[in-house]
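Every number in this text was worked out from the coordinates using simple rules, so none of it is lab data. Everything numeric in this text was worked out from a predicted model, so none of it was measured. Note: ideal-geometry Cβ built from the backbone for every residue, glycine included; neighbour counts use all protein chains shown.
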Amino acid sequence: MSASSAASDVKVVRVAVEQAYDVSVGPGLLRTLLPAVVSQDRVALISDETVMAAHGEGVVEALTAAGKSVLPLVVPPGEASKSLERYGALLEALAEASLPRDAAVVALGGGVVGDLAGFVAASYLRGIAFYQAPTSLLAMVDASVGGKTGLDLPHGKNLVGAFWQPRAVVADVNALRTLPPHEFRQGTVEAFKHGLLADGDLLTALGAGWALDAPAERLTAVVARNVAIKAGVVAADERESGVRTHLNLGHTLAHALEAASGHSLAHGDAVAYGLVTRPSWGAAVVT
């Protein structure tokens, strides 16, 4: 693929918050665009065991080839990694490596990794640069955009955290090919929620033929449309004091179900239950 054709395959959505940033969506971006947008020379790459095995070697090679010094930090997959203990261990690892204030944290993975790595970046040395490289559909269409970071406590989900916007988000739709169908479904539920809130055409796009093996152009278009919907809401209400709460459609029951199941019920499946049992849709979000 030539540079010009590769560029034409990428959709870029601007998130117009106080410190605005771009979300780039397209195929092959982990090796091509990610090293270019990360401007810092020292990088802590936080991922989980599953994603690191699938994509980590290539990302480390690409970042290293671009002149970066990379510190890979790997956590177990799953919601249990969003803990104070795991968070503390990552901070200790950054301190042990003498990572400076002008370094960066890159989150390579799904929503759990993004939430955890984002809060590490927000709090280490009172805040260092943060980049999102989502590899799950759920993270691409939702969790990687908007600056929410957080950890869980025994009393509930995401009770500790900070708003810490990334410098950039790089969503490589080729990474979706490595997902099991169950994980792809989790992101589809969040995309469906965005369609309910803001775009009936998106609901149509999630109909026949929407699957892991859909053409890259279709994956890119659907992910980018979801990002645009969320970006519009986030720009209007960066810290969730008003209209951004609409993005929590279905999530009140979902979080309760996740907690009651000990997080054995996946987030998207829990949101699906929340959507179908909601008695009233409330006001629509139009972007």
*Multiply the residue separation of Ala16 and Ala162 by 0.36 nm, subtract the distance between their alpha-carbon atoms, and state the gained length in nm to one decimal.*
50.7 nm
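Expressed as cubic angstrom per residue, what is the convex hull volume of the alpha carbon set of the stretch 3-277? Could the numbers behind the result be given before it?
Working: hull volume 32.8 nm³, N = 275.
Expressed per residue, the convex hull around the Cα atoms of the stretch 3-277 is 119 Å³.
Mind sorting His263, His55 by how few other Cβ atoms lie within 10 Å of their own Cβ, fewest first? Don't skip to the answer; put the middle values down first.
Details: His263 18, His55 21.
With the fewest neighbours first, His263, His55 line up as His263, His55.
Counting only C-alpha contacts under 8 Å and six or more residues apart, can you give the relative contact order of the stretch 91-206 as a whole percent?
Numbers: 193 pairs, mean separation 26.7, N = 116.
Across the stretch 91-206, relative contact order equals 23 percent.
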*Taking 7 Å along the Cα-to-C-beta vector as the label spot, tell me the Asp213-Arg31 distance in nanometres, rounded to one decimal.*
2.3
*asked:* Suppose each label sits 7 Å from its Cα in the direction of the beta carbon; what would the Thr64-Ala95 distance come out to in nanometres?
replied: 2.9
*Percent antiparallel among DSSP beta bridges with both residues in the chain, to the nearest 5?*
30
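Using the Cα atoms of the stretch 102-180 to build a convex hull, what is its mean projected area in square nanometres?
Numbers: hull surface 22.0 nm².
The directionally averaged projection comes out at 5.5 nm².
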_Can you tell me, using C-alpha contacts under 8 Å and at least 6 residues apart, the relative contact order of the chain as a whole percent?_
19
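Determine Rg/Rh for the stretch 154-261; Rg is computed over alpha-carbon atoms and Rh is the Kirkwood hydrodynamic estimate from the same atoms. Intermediate results must be reported in sequence, preceding the final value.
Numbers: Rg = 15.2 Å, Rh = 15.7 Å.
Value, to two decimals: 0.97.
Please order Asp22, Asp172 by the number of other Cβ within 10 Å, starting at the fewest.
Values: Asp22 15, Asp172 26.
Sorted ascending by nearby Cβ count, the order is Asp22, Asp172.
Would you please name the trypsin sites (Lys or Arg not before Pro) within the stretch 201-283 that are DSSP coil residues with at most 13 other C-beta atoms within 10 Å of their C-beta?
Values: sites: Arg218, Arg225, Lys230, Arg239, Arg244; in loops: Arg239.
Those satisfying the criteria are Arg239.
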*Based on other C-beta atoms within 10 Å, arrange Trp164, Trp210 from fewest to most.*
Trp210, Trp164
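Please give the charge dipole size of the chain, origin at the Cα centre, charges +1 on K and R Cβ atoms and -1 on D and E Cβ atoms. Round to the nearest 20 debye. All intermediate terms of the calculation are to be shown ahead of the outcome.
Numbers: 21 positive and 28 negative charges, 89 e Å.
The dipole magnitude comes to about 420 debye.
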*What nm value, rounded to one decimal, do you get for the distance between Glu49 and Leu84 when each label is placed 7 Å out toward the C-beta?*
2.5
*Cα convex hull volume per residue for the stretch 1-132 (Å³)*: 114
